[in-house]
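Asks: Have a look at this one before I ask anything.
The values are calculated or read from the model by the stated rules, or taken from the named source; none is laboratory data. Since this is a predicted model, take the numbers as computed values, not measurements. Positions of Cβ are generated from backbone atoms using ideal geometry, with glycine treated the same way; all protein chains shown enter the neighbour counts.
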């Protein structure tokens with residue numbers, strides 16, 4: 001049952017869209033894929049063989065990866081409900 005101007009099933013569609021967005025975000029952050037580089041893509045230092053075997057598709061050395069992981073990344077949330085309660089989060 002929908003309320004107001006919303007069509008039937010609108011709440012389910014909003015939940016499914018939110019889940020799909022979050023899954024897409026997580027897949028994008030999953031990590032490197034493909035063949036590992038022998039030298040770091042940022043500083044051109046050699047990437048140790050053990051790291052290349054442990055993390056398939058690695059593109060950065062440990063130091064550059066730690067620097068990148070330490071950076072703040074704001075996540076843009078979408079307020080699908082539009083209610084005051086969801087805006088207060």
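Asks: Restricting to region 23-50, give me the number of residues that are at pLDDT below 90 and in a helix (DSSP H, G or I).
Replies: Going through region 23-50, the residues at pLDDT below 90 turn out to be 23-37.
Filter once more, keeping what is in a helix (DSSP H, G or I): 23-29.
Result for region 23-50: 7.
Asks: Where residues in region 39-67 are without any contact (Cβ under 8 Å) to a residue 12 or more places away in the chain and within 18 Å of residue 29 (Cβ to Cβ), which of them is surrounded by the fewest Cβ atoms within 10 Å (Cβ to Cβ)?
Replies: Filtering region 39-67 for residues that are without any contact (Cβ under 8 Å) to a residue 12 or more places away in the chain and within 18 Å of residue 29 (Cβ to Cβ), the one surrounded by the fewest Cβ atoms within 10 Å (Cβ to Cβ) comes out as 66.
Asks: Give all pairs with beta carbons closer than 6 Å in which a residue from region 17-29 that is in contact (Cβ under 8 Å) with a residue 12 or more places away in the chain meets a residue that is surrounded by 10 or more Cβ atoms within 10 Å (Cβ to Cβ) and part of a helix (DSSP H, G or I); count only pairs at least 6 apart in sequence or on separate chains.
Replies: Qualifying pairs under 6 Å: none.
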